[in-house]
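Below is one structure, written out as structure tokens; comments come after it.
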Amino acid sequence: MSTPDCLFCRIVAGEIPATVVRETPTTLAFRDIDPKAPVHVLIVPKEHYADVATLAAGDPALAGEVLATAAAVAEDEGLLGDGFRLMFNTGAYGGQEVFHVHAHLLGGAPLGPMLARSVA
Ligand code: AMP
Ligand code: ZN
């Protein structure tokens, strides 16, 4: 199921180029075009879900496959020893800009605090 106007559906379909680092039958991992860390990879399900909540409710097994692909990329990129951050920006407060669910895998250097400033 692909959504024609969705940027990441178009990357999955091969219509927009991306630097793919891992592909499984159900997921794709590619480098972020504007990396925020030495390693910054996005992991998406090939099927379109808008966000992580919709994915988890609609297909929990696929959500698990996204996590498994992220973990495999973390290993390939040599991140398991020093650690990494895996996050799903969701909705307006989460700062989500592309509404095809994607995990950000960040690593390769100390990433600092979880948020740039406290909003508590
Ligand atoms: P988010 O704000 O969580 O929706 O993240 C969207 C991410 O997609 C940002 O980190 C962008 O740099 C990244 N991005 C946007 N366009 C592309 C593209 N064509 N290829 C790879 N990454 C992209
Ligand atoms: Zn999509």
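Exactly one residue out of ILE16, ILE11 is within 16 Å of ligand 2 (Cβ to nearest atom), buried (at least 17 other Cβ atoms within 10 Å of the Cβ) and among the aliphatic types (A, V, I, L, M): that is ILE11.
Checked against (1) touching a helix residue (DSSP H, G or I) at 6+ places or on another chain (Cβ under 9 Å); (2) open to solvent by 70 Å² or more (accessible area, probe 1.4 Å); (3) among the hydroxyl-bearing types (Ser, Thr, Tyr), THR24 passes all but a single condition, namely (2).
For segment 32-43, filtered to residues that are buried (at least 16 other Cβ atoms within 10 Å of the Cβ) and of a type outside the set (A, V, I, L, M), the residue that is nearest to LEU86 (Cα to Cα) is HIS40. Taken residue by residue, segment 44-52 has at least one member that is open to solvent by less than 10 Å² (accessible area, probe 1.4 Å) and within 13 Å of ligand 1 (Cβ to nearest atom).
The values are calculated or read from the model by the stated rules, or taken from the named source; none is laboratory data. All of these numbers come straight from a predicted model, not from anything done at the bench. Glycine also receives a Cβ, built like all others from the backbone with ideal geometry; neighbour counts cover every protein chain displayed. Each accessible area value is taken on the protein alone, full model and side chains, heavy atoms only, with ligands, DNA and RNA left out. Shrake-Rupley method; radii C 1.70, N 1.55, O 1.52, S 1.80 Å.
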